[in-house]
Every structure is written in C-alpha cells, then in structure tokens.
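Novice: Take a look at the following structure, please.
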Amino acid sequence: MNQLKKTAAAVLKGNWQQGFTIPCQGLYPFQWNWDSGFIALGWAHLEPEYAQQEIRSLLKGQWSNGFLPHIVFHNPADSYYPGPEVHAANLSPHSPEVPTSGITQPPVLGFILEYILNRLDKDQAFLDFIDEVYDAVYANHEYFYTHRDPQQEGLVYICHNWEAGTDNTPVWDFIWDTFEVPKYDLPRKDTSLIDASHRPTNAEYCYYIHLIELFKEWNYNDTTIAAQSPFLIQDPLFNSMLIASNNSLIRLGALLGKAQQVAQLEAWNIKAKQRFNEKLFDPELGGYVYYDLRGERRLSHLSSSSFTPLFAEIPGQEMASSLMNHLDGGRFSGEQFERLLCASFDPTSDLFNSQKYWRGPIWINLNWLIYEGLLNYGRTDLAQRLKTDTLALLDKYGFYEYFECDREKNKSLSQGYGGNNFSWSAALCLDLLKSNQ
Ligand code: DGY
C-alpha cells in the first residue's frame, strides 16, 4: 500500500501547475470544477496548503452571479477541444476576467471543505480558510436555487451533458432523440490522444457543441436557457452533490456563526430532499433516475448516479435497502459477484458498454461517493467490498481515468481505460487509503 500511496502522490505532483492541478496531461490541460474538489481532498493528505490553493484558483473563475464554471482556462493549451474561444463565456455580463466555460459541473465544494477539515482533525488554519471561501461557495448554491429551479420545487436542472459530469451516459440518448443538430466540423484532440473507442462519438459531440452554440446565441442568459434549451434535466447525481454540500455548509456555517445562511440552507434542503424522493425515485426499478423537464418524464435507467443519494443522506431505510440490493448480488454485482463495483451504467442493459467512458466503466470518484454513502447507512461490509474492488483496480493498472467492471475480462487486461495518470483517481485513492474502514 505504501507503493500505491507513493505513485498516487507522484501523479498529483506531476499534474500540479503552480496553483491548481490539471486532471490529466494532454487530455484535460486546464482546471476542471468537480475534479478540483476531489483533487483538493487528495492534496489534504499530502500538502494541505495546495488544497487551499486549488480551491482559491477555482474560485477565481466564479461569475458575479455566483455561477461556477466547469472549466477555468488559466493557461493556454492547444491539446483540448473545445477551448475558451468555443465557449466564449465573455458573452455573459457575469463572466470574470479569466476565461472560463459557460456551463457548470456537480457542486462538490461544500462537502469537500468539510471532508478536508475532518481529515485534518479540525485544523484551525483550515477552518480559517473555510471562513474565507464560505460566502463564495454559498453564493454558488444561491445561484442554483435562484436560476436553475424554474418550478421552485427544490430540484435544480442541468442544461448540458457536460454539466452532469457523466458526459455520455446512455440516458442522454433519449434526449438526443428529441431534436436535430447540424453536422459540425469537430477539431477534436481527445480521439488522437487516447483510444477513440473509449470516447464519445462525433455524432454525440455535435449535440454537445450545438448546445454551447445555442447558449452563446442567448448570451448564457439563464431565463432564456430555462425557457428554450432542448436539454433540461434534473439529475440525481448533480442534485445529490448540491444537497450533500448543503448538509456540509449547514454544519460548517454553525461552526462559523453564519446563522442566516444556515437557516436558508436548511430551508432549501428540507424541500429538496422531499421532492427528490417523490420525483426521482423509480419504484419499479428500485432506484433513483434522471428526470427530463422538457419532456416531463422520468428516464428510467439505473446508473452509478442512482446510488449517490446515499452520500447526501436522502433515502430513508427502505429506499436505501433497495439501492443496496442492486450492489449486493443484484444487477450491478451480478448474482455470483462476477462484476466489480460499481459500473457507471446498468450492466444488464443493452445500452451498456464496458469500455466507453460513462456508458459502463467504473469511475473512482463515483466509487468514492458510493463508498462514503454506504458508510452513512452503516453498510460497512458492502463499503469494504467496494473499497477492495477499487484499490485492486488501482493497484493492478495504476491511475487510469476509468476501468473494466467484468471480473473475468480483468484477468486478461493489462491497462485501464481513458487517460492515464488521472488526478482524481490518485487523489481519492489517497483518501481511501486513509479512511478507517
Ligand atoms: C471532456 O472534454 O470530455 C470533458 O469531460 C468535458 O468537460
């Protein structure tokens, strides 16, 4: 394990750029929003000062309305498409000086701050840092509840698949079916950097770029996007991250004497958790699913996102048990436990693909979230299995971006999938090695 820790540390150090960490050389050469949160947690185990710098750098990209973009382009780099000129976030009157994208990512900062504080045994210097950034993180939550919840029901929407983080989950296939897009010229870089069969297709990229083109036409105006975007989804992962961050900001706010913000966060959370259980739990599937606000329908497919409400302590015991059954001898593990936990999409579905990005492979950040979620519900046995599976993959292959879930196939593989030396795989490995279970 010592060796694993050393290699993980070397990955983070190799990706450090004087103030922030890129997710992966070449493939992702800028600062990414939710990556940075997980990476900061990794730095807490090595260089807590870097964790602070990481978060400060991300917040430099925050817009004046509280919005936090999914990429901050601190530095030039020509190995990534679409870069800052494609996103053109400066069309929004709220965008900051530093170039950013105009879409967001799952809001992890609130709970990351609390995790780091706990991992550092409530270190006063880190609590002072939380005091410094608390209002900025709170402003991001206020942005979501003000601008991304048109029915004022406690659930926020995402308007782009890249906002989900689960970029090409098969769930989006059902959205792409509802509208047509031009055939764009796509100067993609990713498909020549790594095995193209592990990445989304060009046909999918045309949808991704088209949505950005629409948002630019609308100057990234939230009201227009809510009224007109063909992609408007209530995502169980995204909303779980927001609710978990609310949970943490409530506890941290109490420590810091932020009574007014705490009261508001509590009000948001009560409404959010109730509506989440009513609207996003599919009783037939026994799990949480995505909701298409445009088509007013549930998208009834299980994915690793379905389990993340455990992390945010949203389900009661009954719903939690039905989630765990999928992991414990159910479709995600297989009856004979022939699958490692946890595939990113339902392995029994026709749409599952064990090598293609978010259409099936195992991702370390989702495993970490589900691991912590299982601990929240006292399932240390299942949490331990998830942790063992995760560390075995990292130990065998190194810090790839994603991994094969089929136990048998893993016997003959010598590599993981996607990019290598991937920062959050390393950062969360460090955290898993440190946690008590
Ligand atoms: C990519 O380019 O694949 C990223 O996930 C977008 O944020």
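Novice: What figure, in Å² to the nearest 10, do you get for the accessible area of LYS216 with a 1.4 Å probe and non-protein molecules left out?
Specialist: Result for LYS216: roughly 30 Å² accessible.
Novice: Measure off, as a whole percent, the carbon and sulfur share of the 1.4 Å-probe accessible area of the range 24-105, all protein chains present.
Specialist: On the way: 1310 of 2610 Å².
That share works out to 50 percent.
Novice: Sticking with this one: Using θ = phi - 60° and the Karplus curve 6.51 cos²θ - 1.76 cosθ + 1.60, what whole-Hz ³J(HN,Hα) does each residue of the range 148-158 get, with Gly and Pro shown as x?
Specialist: For the range 148-158, the Karplus-derived couplings read 10, 9, x, 8, 6, 10, x, 10, 9, 9, 10 Hz, x marking Gly and Pro.
Novice: With an 8 Å cut-off on Cα pairs and a minimum separation of 6 or more residues, tell me the relative contact order of the range 2-434 in percent. Can you show the working numbers first?
Specialist: Details: 773 pairs, mean separation 77.8, N = 433.
Here the relative contact order equals 18 percent.
Novice: For the chain, set up a GNM with springs between Cα atoms under 10 Å and report which of ALA426, ALA263, ALA226 has the largest fluctuation.
Specialist: ALA263
Novice: What's the FRET efficiency of ALA259 with VAL86 using the Cβ-Cβ distance as r and R₀ = 60 Å, to the nearest 0.05?
Specialist: Numbers: r = 43 Å, r/R0 = 0.72.
The value I calculate is 0.90.
Novice: Related question: Given the peptides 303-311, 373-381, arrange them by the average over their residues of other C-beta atoms within 10 Å, most packed first.
Specialist: Numbers: 303-311: 27.9, 373-381: 18.0.
For the peptides 303-311, 373-381, the packing ranking is 303-311, 373-381.
Novice: Tell me the mean residue ellipticity at 222 nm calculated for the chain from its helices only (DSSP H runs of n ≥ 4, each -39500 (n - 2.57), averaged over every residue, nearest 500). Walk me through the numbers before you get to the answer.
Specialist: Values: 18 runs with 215 residues, N = 437.
Using -39500 (n - 2.57) per qualifying helix, the result is -15500 deg cm²/dmol.
Novice: Quick one: compute the contact order of the range 140-279, relative version, from alpha carbon pairs under 8 angstrom and 6+ residues apart, as a percent.
Specialist: Values: 111 pairs, mean separation 47.5, N = 140.
Computed over the range 140-279, the figure is 34 percent.
Novice: Further, regarding this structure: Once phi is turned into ³J(HN,Hα) by the Karplus curve 6.51 cos²θ - 1.76 cosθ + 1.60 with θ = phi - 60°, what whole-Hz value does each residue of the range 283-294 show in order, with x for glycine and proline?
Specialist: x, 5, 7, x, x, 7, 9, 7, 10, 8, 5, 5
Novice: Related question: Quick check for me: using +1 on Lys/Arg Cβ and -1 on Asp/Glu Cβ, what's the dipole size of the chain about its Cα centre, in debye to the nearest 20?
Specialist: Working: 34 positive and 52 negative charges, 136 e Å.
Result for the chain is approximately 660 debye, rounded to the nearest 20.
Novice: Here's something else I'd like to know. When only DSSP loop residues count, what GluC sites (Glu not before Pro) in the range 74-150 have their Cβ near at most 13 other Cβ atoms within 10 Å?
Specialist: Working: sites: GLU85, GLU97, GLU114, GLU132, GLU142; in loops: GLU97.
Filter output for the range 74-150: GLU97.
Novice: When the accessible area of the range 186-314 is split by element with a 1.4 Å probe, what percent falls to carbon and sulfur?
Specialist: The nonpolar share, carbon plus sulfur, comes to 50 percent.
Novice: Can you list the lysines whose alpha carbon sits under 25 Å from that of LYS279, skipping same-chain ones fewer than 8 residues off?
Specialist: Leaving aside lysines fewer than 8 places away in the same chain, those within reach of LYS279 are LYS271.
Novice: Probe of 1.4 angstrom, ligands and nucleic acids ignored: what's the accessible area per residue over the chain, in square angstrom? Walk me through the intermediate numbers first.
Specialist: Working: 15780 Å² over 437 residues.
With the other protein chains kept in place, the chain gives 36 Å² per residue.
Novice: Quick one: if you take sqrt(5λ) for each eigenvalue of the C-alpha gyration tensor of the chain, what semi-axes come out, biggest first, whole angstrom? Mind showing how you got there, number by number?
Specialist: Values: eigenvalues 149, 132, 118 Å².
Calculated on Cα positions only, the semi-axes equal 27, 26, 24 Å.
Novice: LYS409 label point, 7 Å along Cα→Cβ, cut-off 16 Å on backbone N: hits in the range 309-346?
Specialist: Counting backbone N atoms under 16 Å from the label point, the list is 332-334, 338-346.
Novice: Can you tell me which lysines have their Cα less than 26 Å from the Cα of LYS6? Leave out same-chain residues fewer than eight positions away.
Specialist: List returned: LYS122, LYS387, LYS396, LYS411, LYS434.
The values are calculated or read from the model by the stated rules, or taken from the named source; none is laboratory data. Here the structure is a predicted model, which is why all the values come from computation and not from measurement. We place every Cβ from the backbone using ideal geometry, glycine too, and count neighbours over all the protein chains shown. What goes into the accessible areas is simple: the full protein's heavy atoms, side chains included, and nothing from ligands, DNA or RNA. Shrake-Rupley method; radii C 1.70, N 1.55, O 1.52, S 1.80 Å.
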